[in-house]
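Below is one structure, written out as structure tokens; comments come after it.
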Ligand code: FNU
């Protein structure tokens, strides 16, 4: 059974804390990205961790040259349990982030930081430029031994292929819920090390707790 990752893309701190507390019984991990961090500040990561006791992953899809990636990773992993980066920028840029994670892990081996790399995105436009190179990106993820990859629940056949290519990496997969991904098909592919990401179908629901419960039960 894969785990449930809440994509908390709300724009208000009060709402973010309220939803993360209400749903924490059913959610295994919380993913926050630019919407919430830009609406508040990076310290929101710690405040959500303190309130919920959950792991928080920052979805910054970092995609820069190695020295800039390093700076972004240092700042982010000072708070977050993991960071999402793009793979298409190449191995040196990803390695720069992995090196930062390794430094943190030397200091605190009990709470290892996770580096998660995007392979093929879940939206339609990803088929234009990302899909043709995504298998090679997934291969790089396996070779570099990043902790995890992002692969699409909107295309279960691609999800399966990318998971197989990336080898030992766990998969976090967006696309179920608002993006219309078929959870039944996704569950045929993912295992207990992987995560199904659900955002709007939980936080826009009039009862986020009930929706999170429903997804947890479906998983
Ligand atoms: P929901 N996300 C995505 N597709 O949707 N990080 C990707 O390929 C990817 C992502 C994120 O649709 C998206 O930014 F790499 O409301 C959002 O935070 O369930 C979440 O996954 C999906 O949210």
* Asked: Label points 7 Å out from Cα along the Cβ direction at residue 41 and residue 145: separation in nm?
  -> 3.8
* Asked: What shape does the chain take by its C-alpha gyration tensor, where a ≥ b ≥ c are the square roots of the eigenvalues and a/c under 1.5 counts as rounded, a/b above b/c as prolate, and the rest as oblate?
  -> oblate
* Over the chain, relative contact order from alpha-carbon pairs under 8 Å, at least 6 apart, % -> 22
* To do: With label points built 7 Å along Cα→Cβ from the Cα atoms of residue 218 and residue 191, find their separation and express it in nm.
  => 2.4
* Asked: Of 68, 23, how do they rank once you tally other Cβ atoms within 10 Å and put the fewest first?
  -> 68, 23
* To do: Starting with the fewest neighbours, write out 47, 200, 158 ranked by other beta-carbon atoms found within 10 Å of each beta-carbon.
  => 200, 47, 158
* To do: Sum -39500 (n - 2.57) across every DSSP H segment of at least 4 residues in the chain, then divide by the residue count to get the 222 nm mean residue ellipticity, nearest 500.
  => -13500 deg cm²/dmol
* Quote the FRET efficiency, to the nearest 0.05, computed for residue 103 versus residue 184 with a Förster distance R0 of 45 Å and r equal to the Cβ-Cβ distance. => 0.60
* Asked: So if R0 is 22 Å, what FRET efficiency would residue 111 and residue 15 give, r being the distance between their Cβ atoms, rounded to the nearest 0.05?
  -> 0.20
* **Choice from 144, 159, 77 with maximal GNM fluctuation in the chain (Cα, 10 Å cutoff)** => 144
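Each value in this text was obtained by applying a stated rule to the coordinates, not by laboratory testing. Every value quoted in this text rests on a predicted model; they were computed, and no experiment measured them. With ideal geometry, Cβ positions are generated from the backbone for all residues, glycine too; neighbour counts draw on all protein chains shown.
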